[in-house]
Amino acid sequence: MKRKILFILVFFLAFSSLNNYSFAITLRPGDVSDEVQNIKEKLYDLGYNVSVNKVYDEKTEKAVKLYQKEAKLPITGIVDDITYQCLTLGRLTVIEKYKTFDLASIARQMDINSNPIIRTAVRFMGISYRWGGEAPSTGFDCSGFVQYVFRLNGINLPRTADLQYDAGKPISISELRPGDLVFFTTYLPGASHDGIYIGNGKFIAANTSTGVSICSLDDPYWKNRYFGAVRIQ
């Protein structure tokens, strides 16, 4: 009995804290976007009656409400932060991640809530890696992810990592600020992999093994392959 009460308490605290953390995403009826299509693909895979396209129509709203009811989320028919995370990552995965990785605390340290580039980037955590991918509906490769995030913020970048490096102002590692781009030498000489610096020695990138995820510049793999950084003006 004590174990059951403890589990419920941990679950409640984890979910409550997750609810206080905002990825600043809202999808609602009438929206048309790649993100809507991504959500509809998730709903379709779960067996809900939706047509997979970019339009948030009445059937989508109904399916979202059904999902929210079954997932014990607030039933609004709107894809808010928590609904988005649960659909894209899996509800239990979100809870487990919170218990082992205090994302709310990391967010405060990294100033995510006040930086629009980072706020946009973390919305896509968990999206799978795909070579040549440049949208959440298909998956991302590293430079496709960077280009997509910046485009959502009104900034057009070239498509490949080497050209994205050339598009910015080179800065030293000691000058890094959230929103700067960091580059690594991986499968080709020079800048062949990149990500977005989020502060506290961390960056977010689309990686082959983990998809869109947060990595540390101090990790020996990345530290040994670090190429440089630029600031997009």
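When VAL230 is tested against (1) modelled with pLDDT of 95 or more; (2) crowded, with 23+ Cβ neighbours inside 10 Å, exactly one condition is not met: (2).
Within the stretch 156-163, is even one residue within 27 Å of GLN37 (Cα to Cα), free of Cβ contacts under 8 Å to residues at least 24 places away in the same chain and either buried (at least 21 other Cβ atoms within 10 Å of the Cβ) or among the small types (Gly, Ala, Ser) (or both)? No, because not a single residue in the stretch 156-163 is within 27 Å of GLN37 (Cα to Cα), free of Cβ contacts under 8 Å to residues at least 24 places away in the same chain and either buried (at least 21 other Cβ atoms within 10 Å of the Cβ) or among the small types (Gly, Ala, Ser) (or both). Looking only at residues in the stretch 1-32 that are modelled with pLDDT of 90 or more and either in contact with a strand residue (DSSP E or B) (Cβ under 7 Å, 6 or more places away or on another chain) or on the phi < 0 side of the Ramachandran plot (or both), the one that is surrounded by the most Cβ atoms within 10 Å (Cβ to Cβ) is ASP31. Considered as a group, the residues in the stretch 186-196 that are free of Cβ contacts under 8 Å to residues at least 60 places away in the same chain and crowded, with 16+ Cβ neighbours inside 10 Å include one that is nearest to LEU89 (Cα to Cα), and that residue is GLY195.
Taking each residue of the stretch 58-78 that is within 14 Å of GLY47 (Cα to Cα) and without any contact (Cβ under 8 Å) to a residue 12 or more places away in the chain and looking for partners that are of a type in the set (Val, Ile, Thr) and surrounded by 18 or more Cβ atoms within 10 Å (Cβ to Cβ) with beta-carbon atoms closer than 9 Å, six or more apart or interchain, yields LYS59/VAL50.
Residues of the stretch 192-213 that are small (Gly, Ala, Ser), under 17 Å from LEU176 (Cα atoms) and modelled with pLDDT under 95: GLY199, GLY201. Out of everything in the stretch 75-115 that is in a loop (DSSP other than H, G, I, E, B) and of a type outside the set (A, V, I, L, M), what residue ends up being modelled with the highest pLDDT? Result: GLY77. For the stretch 197-233, the set of residues classified as free of Cβ contacts under 8 Å to residues at least 40 places away in the same chain and hydroxyl-bearing (Ser, Thr, Tyr) consists of TYR197, SER216, TYR221, listed by residue number.
The values are calculated or read from the model by the stated rules, or taken from the named source; none is laboratory data. The shown structure was predicted, so the numbers you read here are calculated from the model rather than taken from an experiment. Cβ atoms come from the backbone with ideal geometry, glycine included; neighbour counts cover every protein chain shown.
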